[in-house]
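Remarks on the structure that follows.
The values are calculated or read from the model by the stated rules, or taken from the named source; none is laboratory data. Just so you know, these numbers come straight off a predicted model, no measurement behind them. No Cβ is skipped: glycine too gets one built from the backbone with ideal geometry, and neighbour counts run over all protein chains shown.
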Amino acid sequence: MSRASLLKDIRILDLTRVMSGPFCTSMLADLGAEIIKIEMPEYGDEGRSFGPYQDGESTYFMLLNRNKKSVTVDLKTTEGQDLIKALIPKCDVIVENFRPGVMARLDLDEKTVRTINPDIIYASISGFGQESPLKDWPAFDLVIQAMSGMMSLTGPKGGPATAVGESIADVSTGMFCAFGIVAALFDRERGGGGRHVDVAMLDSMLSMQLTGLSRQLYAGDTPRPVGNRHPVTYPVDTFPTKTGDIVMVCFAEGLFRQLTTLMGKPELADDPRFKTNADRNRHEDELRTLIADWTVTQTQDEIIQALIDIRIPAAPVWDLKQVVESDHAQTRHLIVDGDHQKFGAVPLVPQPVKFSNSETQSKPSTPMLGEHTDDILRLVAELSDDEIAALRQNKAI
């Protein structure tokens, strides 16, 4: 399936690296925006050095940088900074994820950029935002997970704080930034002019923790890890079967009564230990044992079908291999064939939102380092071949 073209004719100057910024711009690329990805000569985005590798190329980088044009520019040189300034008037958006203050040292801060293109959308991703007592702290995904409260909620009951098994702070911040950029572009179309979009990783992570925040802010109850169960409602948890674990979401009194009937123990619905959700929470260990003793006697498929038949949400616990190979993933085109100059066809994972009546563009591709440097400088910056050759001689590109 080809990508949508809802952002056709939007050109984005991408000065981001590693994950949060590249994830943001890849989402916009999937919607048809032209992404000019600026990378340092010789080694490029740091993400190119992250494994796993295929014949020396980072597959991590491939997934994060689909549909972009790679241009090598040394931002530490005056010539390199001048090149960026030559591209700015031709762009609608600039995105950067340097630590606050770095862009000013490169003479590419928002104030400077806006003198060149007053209507540009200037998006900044950082760990703690442009204005914060923590703004100078180095920020990585694990740092933000630790400080956001997310790690304090994750893991087994009574166990140590545990990180989520993916770089969720990077990913969520990239999504929020993409959302902010599109909103700012929409406002500009209505005459709102240029805006600065300031997105912080810590802010993004905190804003997603609605269940925990509802307890902290309104009840003064600081949540702690509870494992796979829901922190408030029970039985909402994982349970074993003969062939693998399942999740069950039995969130209402009527559903619990149906569950006890299905288990062949209808009397449990009126048992004082389990009569209300509060009772079930107090006697969680006893109830979990009773349910697990029942689920483990049947296969994963048998238990799931029986629960779904009585309208209790349930599902298998899949690993990534099972998700990727599922009929759902195939039907929804969650993995698509992309192009790579070195490998030919490669699997890529586009942004997941589907749009009706949308034009489509060519299938996604991932750039080699500097693959589009000459084309972009010639066609967008309008430099001559001699000027490009001189820049290369001076190692500015």
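Which numbered condition in (1) more than 16 Å from Glu34 (Cα to Cα); (2) in contact (Cβ under 8 Å) with a residue 24 or more places away in the chain; (3) in a helix (DSSP H, G or I); (4) not hydroxyl-bearing (Ser, Thr, Tyr) is the only one that Ile88 fails?
It fails just one condition, (1).
Mind listing just one residue for me: the one in the stretch 18-43 that is of a type in the set (Gly, Ala, Ser) and modelled with pLDDT of 95 or more and, of those, farthest from the chain's Cα centre (by Cα)?
Out of the qualifying residues, it is Ala33.
With the condition being surrounded by fewer than 16 Cβ atoms within 10 Å (Cβ to Cβ), I'd like the helices (runs of 4 or more DSSP H) fully within the stretch 180-296 carrying at least 3 qualifying residues.
In the stretch 180-296, 210-219, 253-262, 277-282, 284-295 are the helices (runs of 4 or more DSSP H) which contain 3 or more residues that are surrounded by fewer than 16 Cβ atoms within 10 Å (Cβ to Cβ).
List every residue pair whose Cβ atoms lie under 6 Å apart, where the two residues are 6 or more positions apart in sequence or sit on different chains, the first residue falls within the stretch 11-23 and is outside any strand (DSSP E or B), and the second residue, located anywhere, is of a type in the set (Gly, Ala, Ser) and surrounded by 24 or more Cβ atoms within 10 Å (Cβ to Cβ).
From residues that are outside any strand (DSSP E or B), the pairs are Ser20/Gly174; Phe23/Gly174.
Collect the residues in the stretch 304-321 that are charged (D, E, K, R), part of a helix (DSSP H, G or I) and within 26 Å of the chain's Cα centre (by Cα), keeping them in residue-number order.
Lys321
Among the residues that make up the stretch 138-152, is at least one of them more than 14 Å from Leu202 (Cβ to Cβ), at pLDDT 95 or above, in the same structural domain as Pro89 (by TED's automatic domain parsing) and touching a helix residue (DSSP H, G or I) at 6+ places or on another chain (Cβ under 6 Å)?
no
With respect to the numbered conditions (1) over 36 Å from the mean Cα position of the chain (by Cα); (2) part of a loop (DSSP other than H, G, I, E, B), which one is the sole condition not fulfilled by Gln351?
(1)
Checking the structure you have, find out if any residue of the stretch 62-77 is in contact with a Gly (Cβ under 9 Å, 6 or more places away or on another chain) and part of a helix (DSSP H, G or I).
Yes, the stretch 62-77 contains a residue that is in contact with a Gly (Cβ under 9 Å, 6 or more places away or on another chain) and part of a helix (DSSP H, G or I).
For a quick check of your reading of the model, give me the residue pairs whose first member lies in the stretch 180-196 and is within 17 Å of Ser124 (Cβ to Cβ), whose second is among the basic types (Lys, Arg) and modelled with pLDDT of 95 or more, with beta-carbon atoms closer than 6 Å and at least 6 apart or on different chains.
Ala184/Arg195
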